[in-house]
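Read the structure below first, then the notes.
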Amino acid sequence: MGQIKMKMYGLAFLIPLVLGGVLPKAADFYTILDDDCVRSFKREGVTVLIPRCYMNIGMTDPKCPDSLDTAAEMGMNTDVYIYPCPNCGNPAKQVQDTIRNVGGRKVGTYWIYMENFQWKDQAYNRGFLLAMTEELKKSGKQIGIFANENLWASIVGRDWNVLSVYKLWNKRMDGNAECTPYKPFGGWAAPTMKQYTTSGICNGSSLESICQLAFLTILRLFYSVSYTHLT
């Protein structure tokens with residue numbers, strides 16, 4: 001019974017935090033990461049760092065490996081993002097080059113970063129993105145898409161939902177860390193992360209709320225309480 005109470009107290013503590021917008025945070029950046037930057041991110045509550053590992057000029061980002069090493073040495077989790085070059089063609093090679101740039105370092109999700117730059121017609125864009133995700137899948141990588149409703153509608157068409165099997169990193173620069181409101185697009189019922197503001201920490205960084213992690217934690221606690229009670 002004491003174990004149930006402990007879990008219930010944990011659940012009662014987490015729910016107002018999540019509903020009140022105090023969510024786990026991530027930060028993406030394209031500059032070099034040093035120890036001072038990591039300490040500043042930690043003070044901000046950031047737990048996941050996301051360096052750029054491929055640039056939209058058609059080459060890997062040479063700063064990425066050192067940034068991943070620094071993050072690991074400082075005890076931070078990492079994802080990476082690919083800023084693709086649609087005009088350069090060969091999307092599978094862009095993925096392969098990114099994976100080689102990361103090397104054997106442990107990272108979570110490979111995010112494909114979609115901004116309105118160099119994209120062509122929607123048929124080409126869809127094929128390009130499918131080729132990228134297929135190459136990542138063949139390589140056994142976790143996959144995510146960075147976009148928002150307007151970017152998605154412009155680049156591939158608002159209702160194209162083929163990539164909704166992957167995670168969504170939703171861009172909504174409203175300064176609000178809460179993951180709602182969210183207007184569904186592209187087949188995603190909810191985002192995994194939300195980019196909500198630029199950051200003064202290290203030039204070129206933005207802050208994200210990790211949406212689904214917080215809600216999954218609550219669900220795990222809830223079902224753990226229920227199971228313990230029933231058994």
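See the values below:
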| quantity | calculated |
| --- | --- |
| Exceeding the 22 Å Cα-Cα cut-off - candidates K138/K167; K120/K194; K106/K137 | K120/K194 |
| Ordering of 98-108, 48-58 by packing [mean C-beta count within 10 Å, highest first] | 48-58, 98-108 |
| Rounded to whole Hz, the Karplus (6.51, -1.76, 1.60) HN-Hα couplings of region 178-185, x for glycine and proline | 5, 7, 10, x, 9, 9, x, 8 |
| Histogram of C-alpha separations across region 150-206, 10 Å bin width, % | 22, 48, 25, 5 |
| Highest average packing first - 134-141, 116-123, 67-74, Cβ atoms within 10 Å | 67-74, 134-141, 116-123 |
| Rounded to whole Hz, the Karplus (6.51, -1.76, 1.60) HN-Hα couplings of region 53-60, x for glycine and proline | 10, 9, 9, 6, 9, x, 8, 5 |
| Anchor K171: aspartates and glutamates whose Cα lies under 19 Å away (excluding residues fewer than 8 positions away in-chain) | D28, D79, E115, E149, D159, E208 |
| Integer Hz, Karplus 6.51/-1.76/1.60 couplings in order for region 188-196, x for Gly and Pro | 8, 6, 7, x, 7, 9, 10, 7, 10 |
| Over region 52-208: Rg over Rh, Cα atoms, Kirkwood Rh | 0.94 |
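Read the figures in this text as sums done on the coordinates, not as results from a lab. These numbers come from a predicted model, not from an experiment. Every residue, glycine among them, receives a Cβ derived from its backbone with ideal geometry; neighbour counts consider all protein chains shown.
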